[in-house]
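Notes to accompany the following structure.
The values are calculated or read from the model by the stated rules, or taken from the named source; none is laboratory data. Predicted, not measured: the structure shown is a model, and the values here were computed from it. Cβ placement follows ideal geometry from the backbone for every residue including glycine, while neighbour counts extend to all protein chains displayed. Protein only, heavy atoms only, side chains kept; ligands, DNA and RNA dropped before computing areas. Shrake-Rupley method; radii C 1.70, N 1.55, O 1.52, S 1.80 Å.
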Amino acid sequence: MVTIDLSGRNALVMGVANHRSLSWAIARCLHQAGARLCLTYAGERLKSTLEDLAVETPGALVLECDVTRDATIDAVAERLGREWGSLEILVHGIAFARKEDLEGAFVATPREGFQLALDVSAYSLLNVTNRVLPLLAKRGGAIVTLSYLAAERAVPAYNVMGSAKAVLEQSVRQLAYELGPKSVRVNAISAGPVSTLAARGIHGFTDMLKKHAERSALKRNITKEEVGKAGLFLLSDLASGITGEVIYVDAGYRMMGW
Ligand code: NAD
């Protein structure tokens, strides 16, 4: 029988805003498989929500980390080094773009909006990885980030976030190549639309959900639990031969020809 046992593995999960977050679904699966968790929140406002959620994953560390502030990433790395000594799993479920940059004309995106979206949503993957690499390289590990179809297709209203996802997916491949010799795997899950805080910032998201359900092979939308299970697979030894890939958890939407 094949079982997934992550006991003895340490997992840093970034991007849990609330119980709907895709990274929370992955965190729950990792916890059930026995991994030790550290959950990070982006700012003081989210602290109590995350502390309340963490009750469901006993023993989890809850730390602040705003990826636009390197000092907070270093503080997390330092704390994990002190408490755990090594890191085997990193979940990057972080994205942000200003509301005004997700509305209106993509062509008119201001420089600061473009830079902010790419900084938080794409650059943070390599920046965080770099800062925890001494811990990840100790025993080898696995990284999963979350992407969306707009990385490779034009999706209405996705605007600058599509650019960020394209950079994110290329970063996955480049990191996978570079970290392979350290036995660190890097993959992305490209998820179909799920109603979360971030998703609700996309203009016309409800319509997107409807179209997705109509046009996907499975004739429905995905659940966050399905992202959680795919994350668990990619972060476990079952996926030991997989790196640099983008795995679609989209109910068979992308592969359709219409
Ligand atoms: P979410 O709002 O629950 O998660 C986004 C997270 O990013 C939040 O926890 C937020 O605090 C964090 N974040 C934003 N700025 C940050 C910063 N400066 N520092 C640290 N963290 C910061 O929404 P979600 O849908 O779970 O999003 C998670 C990931 O999944 C994102 O990369 C998103 O693009 C991707 N994704 C979502 C969908 C969807 O339909 N929900 C589909 C495909 C991909």
Within the stretch 126-161, the count of residues that are β-branched (Val, Ile, Thr) and either part of a helix (DSSP H, G or I) or farther than 19 Å from residue 187 by Cβ (or both) comes to 5
Residue 210 being open to solvent by 80 Å² or more (accessible area, probe 1.4 Å), away from the ligand (no atom under 11 Å from the Cβ) and assigned to a loop (DSSP other than H, G, I, E, B): no
Give the residues of the stretch 63-77 that are surrounded by 12 or more Cβ atoms within 10 Å (Cβ to Cβ) and either more than 16 Å from residue 13 (Cα to Cα) or away from the ligand (no atom under 16 Å from the Cβ) (or both), sorted by residue number. 68, 69, 70
Taking into account only those residues within the stretch 99-117 that are modelled with pLDDT of 95 or more and under 20 Å from the mean Cα position of the chain (by Cα), which is least open to solvent (accessible area, probe 1.4 Å)? 117
Number of positions in the stretch 42-62 that are open to solvent by less than 20 Å² (accessible area, probe 1.4 Å) and among the hydroxyl-bearing types (Ser, Thr, Tyr): 1
If you go through the stretch 19-32 one residue at a time, do you hit one that is touching a Leu at 6+ places or on another chain (Cβ under 9 Å), more than 16 Å from the ligand (Cβ to nearest atom) and not polar (S, T, N, Q)? yes
Of all the residues that make up the stretch 100-135, how many are basic (Lys, Arg) and over 19 Å from residue 166 (Cβ atoms)? 1
Quick one: in the stretch 183-199, of everything that is within 19 Å of residue 102 (Cβ to Cβ) and in contact with an Asp or Glu (Cβ under 8 Å, 6 or more places away or on another chain), which residue is nearest to the ligand (Cβ to nearest atom)? 191
All but one of (1) in contact (Cβ under 8 Å) with a residue 60 or more places away in the chain; (2) within 13 Å of the ligand (Cβ to nearest atom) hold for residue 89, so report the exception by its number. (2)
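Could you check, for the stretch 147-168, whether at least one of its residues is near the ligand (Cβ under 9 Å from one of its atoms) and within 20 Å of residue 11 (Cα to Cα)?
Yes: the stretch 147-168 contains one or more residues that are near the ligand (Cβ under 9 Å from one of its atoms) and within 20 Å of residue 11 (Cα to Cα).
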Give the residue, chosen from 30, 12, 39, 6, that is open to solvent by less than 10 Å² (accessible area, probe 1.4 Å), farther than 23 Å from residue 191 by Cα and at pLDDT 95 or above. 6
Out of (1) farther than 23 Å from residue 194 by Cβ; (2) open to solvent by less than 10 Å² (accessible area, probe 1.4 Å), the odd one out for residue 121 is which? (1)
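Quickly run through the stretch 185-207 and pick out the residues that are outside any strand (DSSP E or B) and either of a type in the set (Gly, Ala, Ser) or within 21 Å of residue 129 (Cβ to Cβ) (or both).
Once the filter is applied, which keeps residues that are outside any strand (DSSP E or B) and either of a type in the set (Gly, Ala, Ser) or within 21 Å of residue 129 (Cβ to Cβ) (or both), the stretch 185-207 yields 192, 195, 198, 199, 201, 204.
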Go through 217, 230, 191 for me and flag whichever is aliphatic (A, V, I, L, M) and open to solvent by 30 Å² or more (accessible area, probe 1.4 Å). 217
Test for residue 229: is it outside any loop (DSSP other than H, G, I, E, B) and farther than 27 Å from residue 141 by Cβ: no
Is it the case, given these coordinates, that residue 155 is more than 19 Å from residue 201 (Cα to Cα), β-branched (Val, Ile, Thr), out of contact with any Asp or Glu (no Cβ under 9 Å at 6 or more places or on another chain) and open to solvent by less than 50 Å² (accessible area, probe 1.4 Å)? no
When only residues in the stretch 107-132 that are near the ligand (Cβ under 9 Å from one of its atoms) and among the polar types (S, T, N, Q) count, which is nearest to residue 169 (Cα to Cα)? 121
